[in-house]
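For reference, the structure discussed in these notes is given below.
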Amino acid sequence: MKTNTTEFIPEAVVVANGDFPFRPTPVHKLKSAPYVACCDGAANQYLDSGLVPDIIVGDSDSIDPQYRRLYASIIHHDPDQETNDQTKAIRFLQDKGFRKIAIVGATGMREDHTLGNISLLMEYQKMGLDVRMYTDYGVFIPAENDCSFTCPIGTQVSIFNFGTQGMTGEGLKYPIRDFQSWWEGTLNETTEGTFTIRCQGPYLVYIGEKK
């Protein structure tokens, strides 16, 4: 059984083009990252803050023309229109040998982009990557089969089913099952310092930031 903790140390961080993070957890992940890949739209705000990423990835349609000239040496142009810039950055990092990756700035602004960015976490899991998405309010963790998660008692938790069978849980306030709709697994709460999900198949866990 795999055990996931909230203390995740990524090898690289992707800055997506949503709301720039402002709360301590995602900001810390970004500031302490050994390697930063910005989606080209996100690069504008990142560079405006006085920081320079290791790479800027995308189709170059969103980055400020001045920045495009100044930082041409770190721009990786990917014209693929069949996917989004977040996935382009993930693929770039995978090609460079990175496996443990955090994503920040992927939510907010357009809701359809937010939903698409979150659902892509399941695709990254299929790619053999360990990718988590940090927002200003919590973290999304893709998982598969039996897994345990450590976090403080009373933490808000939601579980989204992507085709699991035989789902049961331990250490949660409300029982879980093979949910048919996304909303059915939301708004749960931990009753122990570790909660466990037992099942066969993939699912997505959201762990809220404990206040």
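Need one number: % antiparallel among DSSP beta bridges in the chain, to the nearest 5. Show your work: numbers first, answer last.
Details: 25 of 47 bridges.
Percentage antiparallel, nearest 5: 55.
At an R0 of 22 angstrom, the distance between the Cβ atoms of ASP19 and ASP64 translates into a FRET efficiency of 0.75. The lysine pair tally for the chain, using Cα distances under 24 Å and a gap of 8 or more places or different chains, is 24. Around the Cα centre of region 8-137, unit charges on the Cβ atoms of Lys, Arg, Asp and Glu (plus for the first two, minus for the last two) sum to a dipole of about 520 debye. Taking all C-alpha pairs of region 31-126, those more than 16 Å from each other amount to 55 percent.
Dividing the Cα radius of gyration of the chain by its Kirkwood radius returns 0.99 for Rg/Rh. Counted by neighbouring Cβ atoms within 10 Å, the residues CYS199, CYS38 run from fewest to most as CYS199, CYS38. Label-to-label distance, GLU123 versus HIS28, with points set 7 angstrom from Cα along the beta-carbon direction: 3.1 nm.
Rg and Dmax, both from the Cα atoms of region 145-208 and both in Å, are 10.4, 28.
Could you work out the relative contact order of region 145-208, using alpha carbon pairs under 8 angstrom and six or more residues apart, expressed as a whole percent? Provide the component values of the computation, followed by the final result.
Working: 156 pairs, mean separation 32.9, N = 64.
Computed over region 145-208, the figure is 51 percent.
Just how large is the dipole of region 145-208 about the Cα centre, in debye to the nearest 20, putting +1 at every Lys and Arg Cβ and -1 at every Asp and Glu Cβ? Don't jump to the answer; show the numbers that get you there.
Working: 3 positive and 6 negative charges, 8 e Å.
The dipole magnitude comes to about 40 debye.
Any read-out appearing in this document is the output of simple, stated calculations on the displayed coordinates, not a laboratory observation. Computed from a predicted structure; not experimentally measured. Glycine also receives a Cβ, built like all others from the backbone with ideal geometry; neighbour counts cover every protein chain displayed.
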